[in-house]
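Let me begin by presenting the structure, written as structure tokens, before commenting on it.
Each value in this text was obtained by applying a stated rule to the coordinates, not by laboratory testing. Remember, predicted model here, so these are calculated numbers, not experimental data. For neighbour counting, all protein chains shown are included, and Cβ atoms are generated from backbone atoms with ideal geometry for every residue, glycine included.
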Amino acid sequence: MGDKVIRTIGVLTSGGDAPGMNAAIRAVVRTALGKGLKVRGIRRGYQGLLNEEIIDLSARDVSDTIQRGGTILQTARCHSMRTEEGQQKAAAICKKYGIDGLVVIGGDGSFAGAQRLAYYGINTIGIPGTIDLDIACTEYTIGFDTAVNTAMEAIDKVRDTSTSHERCSIIEVMGRDAGYLALWCGIANGAERILMPEEHDYNEQMIVEDIQACRKRGKKNYIIINAEGIGDSMNMAQRIEEATGMETRATIIGHMQRGGSPTCKDRVYASIMGAMAVDLLVEGKTNRVVGYQHGQFKDFDIEEALSMKKEIPEYQYDIAQRLAL
Ligand code: ATP
């Protein structure tokens, strides 16, 4: 627990952007203003902090943003923040601008930065904002719901044409290190195969044999959801077409999954998490992350949150395979 009185709250978005980040920023700004605090927005994540890209935020500055994708504060990755020198400088800049409480909206990496700032005396609270759902202390991360629905709708469209032409379709979704988007799309789109970074040792020969068996059973298409972390979709399509004789096309959905107007769920969760982050700072808490677990919004120690490991639920993966019969 920090012992200082919070007068000015800073807010930044960091790492990959996620739909719903604006709803979180809005909630931070309006909750803080409602408590009589001053709010400063930091542009372009930690890089903007180091460059002193700091602006005052009023209630009107966040008007008309709850429904907008992306982040009005912009985001960036910042190598210097990983160094002691960068972290000390960032903390000194917060102090220079009177920022005594900082809300960091981002993923695991961003929380590691927040933890360092807490170490150097800035009270910090993290909000999980990532489309990857890969933060262990929380069952929900802002942006996942929008991203997974965007991908699902795109895959439905590819599936239509895949059925018409009796093709195999490999559809690549985001997720460099985490397969949640792939798993959820796999179930929601009724895919025959899901390839996730957690299961790197997938057997391509088995897929080829399965495609051949499915064709014999009269299946009109074959959908493979491939996570970005496995990648190689174009070459994979060529290899599968050569081995099976079935026309095979790869579609990479890409950054479309990051954008778009946030779903109701993302807006509501982001609003609650944003407000809660300010409440925690005002209570004097620091070095914590807001999360959602067992139906409740809670806060966790950042260190504890960063040390937890999130596994893909084997049972859900197994169900996806069983339903692809
Ligand atoms: P996502 O994975 O969704 O893109 P993220 O927050 O995990 O989100 P990263 O690129 O890992 O994204 O981290 C964002 C920024 O946080 C980095 O560019 C860096 O400035 C800072 N950061 C990452 N790791 C550390 C660390 N160990 N110590 C201090 N700062 C860090």
Which residue fluctuates most in the GNM of the chain (Cα springs below 10 Å): M273, M196, M308?
M308
Once both axes come from the Cα atoms, what is the angle between helix 233-244 and the longest principal axis of the chain, in degrees from 0 to 90, rounded to 10?
20 degrees
Per the helix-only model, the chain has a calculated mean residue ellipticity at 222 nm (DSSP H runs of ≥4, -39500 (n - 2.57) each, divided over all residues, rounded to the nearest 500) of -13000 deg cm²/dmol
A correct fewest-to-most ranking of K219, K4 by other Cβ atoms within 10 Å would be K4, K219
By how many degrees, 0 to 90 and rounded to 10, does the Cα axis of helix 264-282 deviate from the longest principal axis of the chain?
30 degrees
Scan around I223 for amide H atoms under 5 Å from its own, H built in the peptide plane at 1.01 Å from N, and keep only partners 5 or more places away or cross-chain.
S169, E192, R193
Loop-resident trypsin sites (Lys or Arg not before Pro) in region 266-325 with no more than 11 other Cβ atoms inside 10 Å, DSSP not H/G/I/E/B, are K309
Using a Gaussian network model of the chain whose springs link C-alpha atoms within less than 10 Å, name the residue from Y222, Y46, Y180 with the highest mean-square fluctuation.
Y222
Where nothing but the Cβ of Lys and Arg (+1) and of Asp and Glu (-1) is charged, how large is the charge dipole of the chain around its Cα centre, in debye to the nearest 20?
1160 debye
Scan around E247 for amide H atoms under 5 Å from its own, H built in the peptide plane at 1.01 Å from N, and keep only partners 5 or more places away or cross-chain.
C168
For the chain, longest principal axis from Cα atoms; helix 144-165 axis from its Cα atoms; angle between them, nearest 10 degrees, is 20 degrees
Which three extents, in angstrom, do the Cα atoms of the chain have along their principal axes, listed largest first?
71, 37, 36
